[in-house]
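Laboratory data are not the source of any read-out in this text; all were calculated from the coordinates shown. Since the structure is predicted, the reported quantities are computational estimates derived from the model, not experimental observations. Glycine gets a Cβ as well: all are built from the backbone with ideal geometry, and neighbour counts include every protein chain shown.
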Amino acid sequence: MKYMNRSITVAVSFLALTFLLLSFSLSVNAQTLYSCESPSGGSNPFLHTINPNTGAIISTTEITLDGETVRGCNGMAKHPQTDVCYMIVNVGKPRVPSQRRLATIDQNTGVATAIGNAEQTFSTIAFTADGTLYGVTGNGASPPETLFTIDTNNGSTTQVMPLGNGNDGETLAFNPVKSLLYHGSGNGIPYNDPSGQILETINPLTLQITPRTIQGNLDNFEEQSSMVYRSVNVFLTGTIDKYFFSITDSGFVTKLGEMDHVSKGLAFDCGGAAPVPTMSEWGLISTVIALGLVSFFVLRRRSAFQK
């Protein structure tokens, strides 16, 4: 009997160790990815949670702002210290030029709280590690394609520098590993050309701009409409044509899926909500193998004991 008990103890210990190891191999699906939509045709604007591996919508909440008609958003970013997500909200009645407000967003209800007028026609925003909010204006703005800082207390802006590279479309994201801003701009070919589609880094301290070479499978990789840092020098980006890609620090592009909306802003874990862990494929395979080995071990010991 003591051999049987020892076998069970060893089996349980092995199983516990397996699950402990699996806790380190949980997929980054555990992060909750939010996407804000600027629909066309007068449809309601929405805040979606989406699958970070495919871009597919998981849940949807309408974006509202007290006293205003919300027409969409242009950029979303999470404050690195408070976990609050900020958004550039477009407001105004249909067929009237919209105004843009800097606002915070409640990820659970979709209720936006206005901070102030955005002052500039921003297309994208991103926080750096120290909590400084940056924004880039669109091609049709005045001034166009220009980097600003945005005061999160009142929405006031300070011009940092003109950018200019790339044509239509602006995205901005921050890489906390390298402490660099990543600016995507332009559509179509030629890639890596100031008059076409580019990806470049901006050092927020020195303002040095360094181009990255866009490469990889570039089918459907057109004008970027949103971008967010994921992990290990990898970004996620949506395009104006509703495709979803990952793009590395060096500029290597991988198509992940098709979206059913135009994402105008991406942010992970708004509000610091605790994510629900999702086991990766390798984690699932490891669990099955571990359970099989444990069952085999216990049955073998039991058979030997009965003899």
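Quick notes on this one:
- Relative to its Kirkwood radius, the Cα radius of gyration of the stretch 190-272 gives an Rg/Rh of 0.97.
- Ordering Pro45, Ile58, Ile105 by Cα displacement along the dipole of the stretch 30-278 toward the positive end leaves Ile105 in first place; charges were set at the Cβ atoms of Lys, Arg (+1) and Asp, Glu (-1).
- Neighbour-count ranking [beta-carbon atoms within 10 angstrom, fewest first] of Lys255, Lys78: Lys255, Lys78
- For the stretch 30-278, size of Cβ-based charge dipole, Lys and Arg +1, Asp and Glu -1, in debye: 100 debye
- Karplus-derived HN-Hα couplings along the stretch 67-83 (A = 6.51, B = -1.76, C = 1.60, θ = phi - 60°), whole Hz, x at Gly and Pro: x, 10, 9, 7, 10, x, 9, 9, x, 8, 7, 9, 5, x, 9, 9, 6
- Derived value for the stretch 30-278: Kirkwood hydrodynamic radius 17.6 Å. Basis is the mean of 1/r over every pair of different alpha-carbon atoms.
- Listed residue (Gln120, Asn167, Thr149) projecting farthest to the positive dipole end of the stretch 113-196, Cβ model: Thr149
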